[in-house]
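Data first, discussion second: the structure below is written as structure tokens.
Derivation of every value follows stated rules applied to the coordinates shown; laboratory data play no part. Every value quoted in this text rests on a predicted model; they were computed, and no experiment measured them. Backbone-built Cβ (ideal geometry, glycine too); neighbour counts: all protein chains shown.
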Amino acid sequence: MKTKLNDFIRENSSFLNIFFILLGFLVSFFLFFVRPVFLNSNKVMLFPEYVPINDPIGLDLNYMLDYCTSWFTNHSTPYVGLNLYPPLAMILFKPLLLVDRWPAFEIVATLTLLAYTLTALIIPALIVFPRKDISIIALFFVLGLFSYGFYFELEKGQFNLITFFFCSLGIYLFHHKPQYRYLSYILLTISIQLKVYPAIFLLMMIDDWVDWKTNLKRFFALATFNFLLLFVGGYSIFQDFIKAIQRQIINPNMAITNHSVKVFTQLLFRKIGLQEYFLGAGLSQNQIRSLVGYSWIIEIAIMGVIFLCLLAILVKSYRLKLPGLNAYTFLACTIGMLVIPAVSNDYKLPLLTVPMAMLMLQPLQITGNIPKTILVNIIKFSITLAYMTTLFSYTNKPLFMQNNLPALLFILLALTIMVILEKPTSNVFN
């Protein structure tokens, strides 16, 4: 029986992966779109504001252009309002001051779509083709293209996907085109100077888990270079940047669409967050107010779990010494990038498309016994299902699922358990 099961999984691995993806999507599509829109108790089609919108469109891009204007036109500090971007980001956006706001938005929206196509479709296809079928890559690309997070990114005029393109291309060149290593470092550096959070992907710049001397030298050189670039506007601008980061860490934007650990723990007991859920569970207002003072403990506990998961995956990767691009580390780093910063809105969710596709490209695991084999692959399906829930707007979800931190944390925990249980002997991305 064990032999037959192993043979079945081995022979139908690609089909089963696609089945898991489609099943996860259909379940989420029914629960978070069909049911709230068409099968609601009001007996009328309800389609609320699916994405938070502003008039005019492209609010975040307009903010960025205001920062550029403050620096390059008014010769004042760019760190006004909610500016959190490194100084080099304003320099890179400066050319958009040559056109009006609407053409600037059109340019950024077009580049966002191009960046998503290159990052979620072309680069992964280059990695696996012709050795593997790219249908899973194409499936994730299409699902992400019609996701709530992608619409959110476009509406705000954000540039997370553009940033992630530089980062992903750098990782691809590092592992698959070693003759362009220095270019890969430059691309990763550009992404870090645009958004800071891609710094976590320094962990993806490892090609030999044994040669830690070389790895540490590479990390130190890249970290030093990126730190020095923060001074491109001078020391006073650097100080303003640090102060802006500190302000946002202390007082981040409180919105249900901000899935950072810090904001989630503060939203737990607030009226604009999940307070209604606790009231429904029987807690009084006084009890809820008393719990507010403990939100920092919950934050530390969740952060501790996240860092332990990242450490466990890195340790397992080191022990297995898997060469090349590691899908498990890539997904773990992406989730860390999404939840650790104090400001991390749902328009960053499309960044999960690539690491999720890479995870599902890994063959279904066959372990030494049937129960463990079934368990590992059930966990893999649960990761897919949790990801699919993030494709839909908070407006169509029950209160306790409107913030995406629980789903992202579940993916990381499940991934960690799966990595600990299984024992891959090769890397499909070599």
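Taking ASN403, ASN377, ASN258 in turn, the Gaussian network model of the chain (Cα-Cα springs below 10 Å) assigns the largest fluctuation to ASN377.
For the listed peptides 390-402, 22-34, 346-358, a ranking on the average number of other beta carbons within 10 Å per residue, highest first, reads 346-358, 390-402, 22-34.
Available extension along the chain between ALA221 and VAL315 is 31.6 nm, counting 0.36 nm per residue and deducting the alpha carbon span. Computed from point charges on the beta carbon alone (+1 for Lys and Arg, -1 for Asp and Glu), the dipole magnitude for the chain about its Cα centre is near 1040 Debye.
Label 7 Å along Cα→Cβ of GLU276; the stretch 380-401 residues with amide nitrogen under 12 Å? Correct set: 395-401. Taking max minus min of the alpha-carbon positions on each principal axis, the stretch 297-413 gives extents of 43, 27, 26 Å, largest first. Full extension of the chain between GLN287 and ILE57 gives 78.7 nm of extra length, using 0.36 nm per residue less the Cα-Cα distance.
Taking the Cβ of VAL343 as the center, what net charge do the other residues with Cβ under 14 Å away carry, scoring Lys and Arg +1 and Asp and Glu -1? So the surrounding residues net to +3.
How much of the pair distance distribution for the stretch 46-204 lies past 18 Å, counting alpha-carbon pairs only, in percent? Please list the in-between numbers first.
Working: 8134 of 12561 pairs.
Value for the stretch 46-204 (Cα pairs over 18 Å): 65 percent.
Report the net charge of residues surrounding LYS156, where surrounding means a beta-carbon distance below 13 angstrom and charges are Lys +1, Arg +1, Asp -1, Glu -1.
Details: positive: LYS348; negative: ASP55, ASP60, GLU153, GLU155, ASP346.
Summing Lys/Arg as +1 and Asp/Glu as -1 gives -4.
Listed peptides 171-184, 92-105 appear in the order 171-184, 92-105 once ranked by packing, highest mean of other Cβ atoms within 10 Å at the front. Here, the stretch 260-356 yields an orientationally averaged convex hull projection of 7.6 nm² when only Cα atoms define the hull.
For the pair LYS243 and SER41, label points projected 7 Å from Cα toward Cβ lie 5.2 nm apart. Have a look at VAL142, PHE32, ILE378 and report the one farthest towards the positive end of the charge dipole of the chain, computed about the Cα centre with Cβ charges (Lys/Arg +1, Asp/Glu -1). The one lying farthest along the dipole's positive direction is ILE378. Take the chain, drop everything but the C-alpha atoms, weight them equally and run the Debye formula without solvent; then report log10 I(q)/I(0) at 0.07, 0.08 Å⁻¹ to two decimals. Values, matching the q order: -0.36, -0.47. All distinct Cα pairs of the stretch 30-103 go into the 1/r average, and the inverse of that average, the Kirkwood radius, is 15.2 Å.
For the chain, what does -39500 (n - 2.57) per DSSP helix run (n ≥ 4), summed and divided by total residues, give at 222 nm, in deg cm²/dmol to the nearest 500?
Details: 21 runs with 263 residues, N = 430.
The helix contribution divided over the chain gives -19000 deg cm²/dmol.
Counting Lys and Arg as +1 and Asp and Glu as -1, what is the net charge of the other residues whose Cβ lies under 11 Å from the Cβ of ILE256? With Lys, Arg at +1 and Asp, Glu at -1, the neighbours total +1.
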